[in-house]
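Student: Could you have a look at this structure, given as structure tokens, before my questions?
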Ligand SMILES: [Zn+2]
């Protein structure tokens, strides 16, 4: 299976500034030890023709994923909302452009490879530690939280801790 995501942007690139085009792509199923992306999902990207290049933009897209809880290893099926994605593509990146935001596109075939950008976006959208939730039985036990204050003076407990 070919997971490369090549977006043909030739037509948009030669449109007049302000032209908008929509691309729907199937999200590749990344090989990853942490998460699995449910196959066959599509997301929509908006392409806008800007001076000298194009801007690719996507916001609020959701993706079904599954992963194993980092603490109890239970399988979790969930839906994540992807971080906003924005990238500008140029044949030659203007000098004043933020290099994180801009990327070059080959003028030979005018195709954008979205594989790494999408992968990056998916990982940015995940929690740093993937767990099954607050009720995870594998959570470290910090001891029961007292329901009643043991002392009226809030500093008494602190003094005990400092002993
Ligand atoms: Zn868990």
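Student: Using a Förster distance of 30 Å, how high is the FRET efficiency between residue 62 and residue 115, based on the Cβ-Cβ distance and rounded to 0.05?
Tutor: So, using R0 = 30 Å, E works out to roughly 0.95.
Student: Then there is this: Working out 0.36 nm times the residue gap between residue 126 and residue 95, then minus their Cα-Cα distance, what length gain in nm do you get to one decimal?
Tutor: So the extension gain works out to 7.9 nm.
Student: In a solvent-free Debye calculation with one equal scatterer on each Cα, what is log10 I(q)/I(0) for region 11-101 at q = 0.14, 0.18, 0.23 Å⁻¹, listed in the order of the q values?
Tutor: Scattering profile of region 11-101, log10 relative to I(0): -0.65, -0.88, -1.12.
Student: Moving on. Only counting other Cβ atoms within 10 Å, I'd like 123, 110 sorted with the fewest neighbours first. If you can, show how the numbers build up before the last one.
Tutor: Working: 123 13, 110 19.
Going from least to most buried by this count: 123, 110.
Just so you know, all these numbers are worked out from the coordinates, no wet-lab data involved. Since we're looking at a predicted model, the values are computed, not measured. Note that we place each Cβ from the backbone using ideal geometry, even for glycine, and neighbour counts take in every protein chain shown.
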